[in-house]
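Take a look at the structure set out below.
The values are calculated or read from the model by the stated rules, or taken from the named source; none is laboratory data. Treat the numbers as computed from the prediction; the structure is a model and nothing was measured. Note: ideal-geometry Cβ built from the backbone for every residue, glycine included; neighbour counts use all protein chains shown.
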């Protein structure tokens, strides 16, 4: 097994770009990743591309060859789809490919174009990540599914909408200096509480926005970096994935996400670390309650205690374990099929010290990224470490 | 007309006739059709066991922003309720006593722990068949 290094990362500004085509979004992210890496695009041996709802949003299937063209690479190219974890699984397979010695240079990332649909269209698109027969036909929307989990969590462990509002406020605060974030505006706890209901108990500011955007990473082997003088100080040292029953109603516990526990356990084992070694985390906060469930699954909070982490200041920028210093999906935005790649890009920059929020974590050596699909029927966790 | 979904539509038919069932594997895990093996443990055969007459609400949400198929239904209440070996997901009806959902959407019309009966109703938007719950008068 060889060590996998992050040679370069590239993102588009996340936001509302309804007129921009998916191929242009991914081309921009790839361009930035190549420039950041200093790796020639002719060296790329595989492209792993994540996308969720392109067939609905752009009437475009078979997107991988299209994105290879957009990135200016000619190599085996494959689209990965695991709902909101699409880029996470694309990155994971790239990591495994490089670690196994099957390739020295792999590009992984993803793209989602969403705001060209109206709200109902995007809501319909997102809902197809749930079980069509037993959930969508019973009126389960994506916010609705997380609302079901939020109420189940409150019933099991206590907690309130105000606790969730602290998560929203924290992540908006973190996004302020992030040039790639969709929302660079403060949201107070009171404003979050007063926002209109979407799927109760969740309100507008509990939800991530609908976002267009793309992410790309250039992953290389340690040997390739050394031989080609590529500056790649951050390594992906652990990867893990978990799967759960598709429908929320079929889960053992409606207030926990065991697929993410499985993914985290595998990723920590792969890296040879434990939760106590983690200095920062980027987690999949598509809704505020999702951040709570994520940090509990990652072992960063005990079950039932994640709800208070933001309110008590543990996970704020100046807390002992900053979570979502990028602003998270909540404020940075959530272009579904790109998100898993963008989380790795944010952790890489935070660990390299060139992220606008790196000042909050000057001594950080270990970061984790947690990417979830649907109501966490799919989960991917990666461990990144400063290697040199 | 769209094609039927074999297994699922027969299950909805049975539910609408008051003869709803769960599939139960030799290990006692419940699931919903169509299934060839148990989704929990992979075992078979699966037997059809009648659902209990009432279930218990474990969680619910009041949906204000619907997908297009539910445009005219919103706001509506979706709940997850335990019926013996399975949980069902459905839309709560009759919580105002007039066959409509809680119109002001404050979520007080139903509570976790409440007892409900299951039936099959129609979406207001397009008439599609949906699993419905109705609180049992105590």
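Against the list (1) surrounded by fewer than 24 Cβ atoms within 10 Å (Cβ to Cβ); (2) within 7 Å of another protein chain (Cβ to nearest Cβ); (3) touching a residue at least 24 places away in the same chain (Cβ under 8 Å), the condition residue A:104 fails is (2).
Taken over segment A:80-129, the criterion of being out of contact with any strand residue (DSSP E or B) (no Cβ under 6 Å at 6 or more places or on another chain) and closer than 20 Å to residue A:376 by Cβ is satisfied by A:81, A:112, A:123, A:125, A:126, A:127, A:128, A:129. Within segment A:153-163, the set of residues being under 21 Å from residue A:329 (Cβ atoms), assigned to a helix (DSSP H, G or I) and within 14 Å of another protein chain (Cβ to nearest Cβ) comprises A:153, A:161.
This table checks each residue for (1) surrounded by 15 or more Cβ atoms within 10 Å (Cβ to Cβ); (2) free of Cβ contacts under 8 Å to residues at least 60 places away in the same chain; (3) under 22 Å from residue B:95 (Cβ atoms); (4) facing chain A (nearest Cβ under 9 Å).
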site: B:4; (1), (2), (3), (4): no, yes, no, no
site: B:10; (1), (2), (3), (4): no, yes, no, no
site: B:15; (1), (2), (3), (4): yes, no, yes, no
site: B:28; (1), (2), (3), (4): no, yes, no, no
site: B:36; (1), (2), (3), (4): no, yes, no, no
site: B:47; (1), (2), (3), (4): no, yes, no, no
site: B:63; (1), (2), (3), (4): yes, yes, yes, yes
site: B:71; (1), (2), (3), (4): no, yes, yes, yes
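Among residues of segment A:360-388 that are at positive phi, those with a beta-carbon under 8 Å from a residue that is in a strand (DSSP E or B) at least six positions away or on a different chain give the pairs A:374/A:84. Screening residue B:84 on (1) at pLDDT 95 or above; (2) facing chain A (nearest Cβ under 10 Å) shows it passes everything except condition (2).
Examine segment B:105-114 for a residue that is modelled with pLDDT of 95 or more, under 21 Å from residue B:19 (Cα atoms) and surrounded by fewer than 16 Cβ atoms within 10 Å (Cβ to Cβ), and state whether such a residue exists. No - not one qualifying residue is present in segment B:105-114.
Among the residues that make up segment A:157-165, is at least one of them touching a helix residue (DSSP H, G or I) at 6+ places or on another chain (Cβ under 6 Å) and buried (at least 24 other Cβ atoms within 10 Å of the Cβ)? Yes, segment A:157-165 contains a residue that is touching a helix residue (DSSP H, G or I) at 6+ places or on another chain (Cβ under 6 Å) and buried (at least 24 other Cβ atoms within 10 Å of the Cβ).
Inside segment A:208-258, residues that are within 14 Å of chain B (Cβ to nearest Cβ) and in a helix (DSSP H, G or I) make up a count of 4.
With respect to (1) over 18 Å from the mean Cα position of the chain (by Cα); (2) within 9 Å of chain B (Cβ to nearest Cβ), the lone exception for residue A:99 is condition (2).
Check residue A:79 against each of (1) over 30 Å from residue B:127 (Cα atoms); (2) within 14 Å of chain B (Cβ to nearest Cβ); (3) in contact with a helix residue (DSSP H, G or I) (Cβ under 7 Å, 6 or more places away or on another chain) and name the one condition it does not meet. Of everything listed in (1) over 30 Å from residue B:127 (Cα atoms); (2) within 14 Å of chain B (Cβ to nearest Cβ); (3) in contact with a helix residue (DSSP H, G or I) (Cβ under 7 Å, 6 or more places away or on another chain), residue A:79 misses just condition (2). Given the conditions (1) on the phi > 0 side of the Ramachandran plot; (2) in contact (Cβ under 8 Å) with a residue 24 or more places away in the chain, report the number of the one that residue A:346 does not fulfil. In the conditions (1) on the phi > 0 side of the Ramachandran plot; (2) in contact (Cβ under 8 Å) with a residue 24 or more places away in the chain, residue A:346 misses (1) alone. Looking at the structure I just gave you, is residue A:248 buried (at least 24 other Cβ atoms within 10 Å of the Cβ), out of contact with any helix residue (DSSP H, G or I) (no Cβ under 6 Å at 6 or more places or on another chain) and within 26 Å of residue B:82 (Cβ to Cβ)? No.
Please find, within segment B:49-60, the residue that is surrounded by the fewest Cβ atoms within 10 Å (Cβ to Cβ) out of those that are out of contact with any helix residue (DSSP H, G or I) (no Cβ under 9 Å at 6 or more places or on another chain) and within 14 Å of chain A (Cβ to nearest Cβ).
As a first pass, look at segment B:49-60 and keep what is out of contact with any helix residue (DSSP H, G or I) (no Cβ under 9 Å at 6 or more places or on another chain): B:49-50, B:52-57.
When the remaining residues are screened for being within 14 Å of chain A (Cβ to nearest Cβ), the result is B:55-57.
Values: B:55: 24, B:56: 14, B:57: 21.
So, considering only residues that are out of contact with any helix residue (DSSP H, G or I) (no Cβ under 9 Å at 6 or more places or on another chain) and within 14 Å of chain A (Cβ to nearest Cβ), the one surrounded by the fewest Cβ atoms within 10 Å (Cβ to Cβ) is B:56.
Considering only residues in segment A:56-81 that are assigned to a helix (DSSP H, G or I) and touching a residue at least 60 places away in the same chain (Cβ under 8 Å), the one that is farthest from residue A:118 (Cα to Cα) turns out to be A:71. Within segment A:60-78, if we keep just the residues that are touching a strand residue (DSSP E or B) at 6+ places or on another chain (Cβ under 8 Å) and surrounded by 23 or more Cβ atoms within 10 Å (Cβ to Cβ), the residue that is farthest from residue A:335 (Cα to Cα) turns out to be A:71. When segment B:17-26 is filtered for residues that are within 14 Å of chain A (Cβ to nearest Cβ) and more than 20 Å from the chain's Cα centre (by Cα), only B:25 remains.
The lone criterion from (1) facing chain B (nearest Cβ under 9 Å); (2) touching a residue at least 40 places away in the same chain (Cβ under 8 Å); (3) over 18 Å from residue A:376 (Cα atoms) left unmet by residue A:139 is number (2).
Against the condition farther than 18 Å from residue A:4 by Cβ and either within 11 Å of the chain's Cα centre (by Cα) or in contact (Cβ under 8 Å) with a residue 24 or more places away in the chain (or both), how does residue A:351 come out, does it pass? No: the conditions fail for residue A:351.
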